[in-house]
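Everything below concerns the one structure shown next.
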Amino acid sequence: MKINVLGGGPSGLYFAYLAKKRLADVEINVYERNAADATFGFGVVLAGAGLAKLEAADTESFSKLQSITKSLENQEIILNGAAVSIEGQAYGGAVKRLDLLQMLQGICAEVGVAVVHDHDIGEPAILDDADLVVGADGASSTLRRAHEDAFGTHGSQLSNAFAWYGAERLHDRPTLSFRSAGGGAFCAHYYPYTETMCTFVMECDRAAWDGCGFADMTDDERQGFVEVLYKDDLKGQPLLSNKSEWRNFQPVWNDHWTHGHRVLIGDAVRRAHFSIGSGTRIAMEDSIALVKALEGESDISLALEAYVAARKPAADILLGAARESYTWYENMGKHMGDAANVHDFAFNYLTRTSRVDGDRVAADYPKFMAAYQAQREGATT
């Protein structure tokens, strides 16, 4: 069997590695438009539940992943300088994105996967000589765009703007820091991915964008503005840019995940909002499910049906939660204004999707729930 993979990011490389290792008599070629040492952004989060799935899928690669992953402590939520700790189950870890890519490139080479970099496939039809074509080429997938009608592609654009930065500073936990400015709201999503580096995703709502005059600023000027606004969070350190352009998030989803012998995985098939967890981890779980389906069915069409049946229901739930989460963020200024205190605000945040209610918060974060209830009782006495 011959498999062509379009996209040499985490999902494409991990799929190629697992498939080459598990499937008999298979040729796998991965085509990536960027150089082997090129990447965007900084670190990526791998949540605890996702790490467990990666370990169960392949202990050898998991061991190598674990060696480059920084463990994360409990989450912290900050509202205009007031902070609360959300203590509970292990949060997982984070890894430098380039380190992750190079680790995956290495294990692909070890098992005999052919990975071709600096090769932009403008017309994906040239890959059709394979028995299976895997679109792992991200939210702007070339394969998906070539067959949008067949895949039933949908997309939208959110009103909040964001930019992905890094910063050199010591930190030990994923943090959400909400601040009011310009008649609107900002949020910094930040977490460490090495002993000295953090990812800082900066986000603002439309009211803040307009009120702070962001439309008339350059990206460098916007960076300078949020460096001042978040000087306490940054501990005086500057933000670091790596193609850090301010833009609006664009969710993508597809009615159909397959078209003939073509299949989409990762952000190519659905782009979930960054506020609900690691898109990288979700994409790698797609890879696991697709390889498992190919192991169970020698007929490609039946294997793809099995993959969709196994993976899509959970993905649909995820998409629903993502919509609820980014809708909450689109209205974060109101939630900040309505909150009686930081505990009240944090509870509102934790229950922003229908997957989490008060009972779930109490079970997962008992110390926080006790403090939240004490705050409520104090407010009513």
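Values in this text are rule-based calculations from the coordinates and carry no lab data. Predicted, not measured: the structure shown is a model, and the values here were computed from it. Quick reminder, even Gly has a Cβ in these numbers, built from the backbone with ideal geometry, and neighbours come from all protein chains shown.
Some points to look at:
- Amide H contacts under 5 Å for ARG352, placed H, 5+ residues apart: none
- Rounded to whole Å, sorted largest first: equivalent-ellipsoid semi-axes of segment 82-165, Cα gyration tensor: 33, 24, 13
- Extension gain from THR194 to ALA109, taking 0.36 nm per residue of separation minus the Cα-Cα distance: 28.0 nm
- Cross-link reach is defined here as a Cα-Cα straight distance under 18 Å, omitting same-chain residues fewer than 8 places apart; for LYS235 the aspartates and glutamates meeting it are GLU76, GLU168, ASP172, GLU195, GLU227.
- Split the chain at each of the trypsin sites (Lys or Arg not before Pro) in a DSSP loop with at most 15 other beta carbon atoms within 10 Å, and the longest piece is 1-234.
- Using a Förster distance of 25 Å, the FRET efficiency for ARG355-ARG145 (Cβ separation, nearest 0.05): 0.20
- Angle of helix 10-22 to the longest C-alpha principal axis of the chain, folded into 0 to 90 degrees and rounded to 10: 40°.
- Other residues within the sphere of radius under 14 Å centred on the Cβ of ALA314, judged by their own Cβ, net out at +4 (K and R +1, D and E -1).
- Computed extension length for GLN250-ASP364: 37.9 nm, one decimal, from 0.36 nm per residue of separation with the Cα-Cα distance subtracted.
- Averaging the Cα positions of each part gives two centres, and for segment 204-260 and segment 1-58 these lie 28 Å apart.
- Straight-line cross-link reach from LYS243 at under 22 Å between alpha-carbon atoms covers these lysines, not counting any fewer than eight positions away in the same chain: LYS96, LYS231.
- 0 to 90° range, to nearest 10: angle between helix 97-111 axis and the chain longest Cα axis: 20
- FRET efficiency for ILE68 and GLU377, using Cβ-Cβ distance with R0 set to 45 Å, rounded to 0.05: 0.50
- When THR142, THR351 are arranged by Cβ crowding within 10 Å, least crowded first, meaning fewest neighbours, the order is THR351, THR142.
- Per-residue HN-Hα couplings for segment 150-167 [Karplus 6.51, -1.76, 1.60; θ = phi - 60°; Hz; x = Gly/Pro]: 5, 7, x, 7, 10, x, 8, 9, 7, 7, 5, 10, 8, 8, 9, 10, x, 7
- Close amide H partners of PHE200, meaning residues 5 or more places away or on another chain with modelled amide H under 5 Å apart, are TYR165, GLY166, ALA167.
- In the chain, helices alone account for a calculated mean residue ellipticity at 222 nm of -13000 deg cm²/dmol, with every DSSP H run of four or more residues adding -39,500 (n - 2.57).
- Local electrostatic count at ARG173 - Lys and Arg +1, Asp and Glu -1, tallied over other residues with Cβ under 13 Å: -3
- Label-to-label distance for ALA83 and LYS243 is 3.2 nm, based on points extended 7 Å past Cα in the beta-carbon direction.
- Simple spin-label estimate for SER156 and GLU60 gives 4.4 nm between the two label positions (7 Å along the Cα-to-Cβ direction from each Cα).
- Proximal lysines to LYS2, defined as alpha-carbon separation beneath 16 angstrom and excluding residues fewer than eight positions away on the same chain: LYS20, LYS21
- Two-site FRET efficiency, LYS2 against ASN348, from Cβ-Cβ distance with R₀ of 51 Å, rounded to 0.05: 0.50
- If you look at the Cα atoms of segment 161-248, you get an Rg and a Dmax of 12.2, 36 Å.
- Relative contact order (%) - criterion: Cα under 8 Å, at least six apart; region: segment 161-248: 38
- For segment 215-319, diffusion coefficient by Stokes-Einstein and Kirkwood Rh (Cα), 25 °C, 0.890 mPa s, µm²/s: 147
- Tail weight of P(r) past 19 Å, computed on alpha-carbon pairs of segment 1-121, percent: 54
- The value of relative contact order for the chain, using C-alpha pairs under 8 Å at least six residues apart, is 21 percent.
- Calculated over the chain: convex hull of Cα atoms, volume per residue (Å³): 135
- Rounded to whole Hz, the Karplus (6.51, -1.76, 1.60) HN-Hα couplings of segment 42-55, x for glycine and proline: 9, x, 10, 8, 10, 5, x, 5, x, 4, 4, 5, 5, 5
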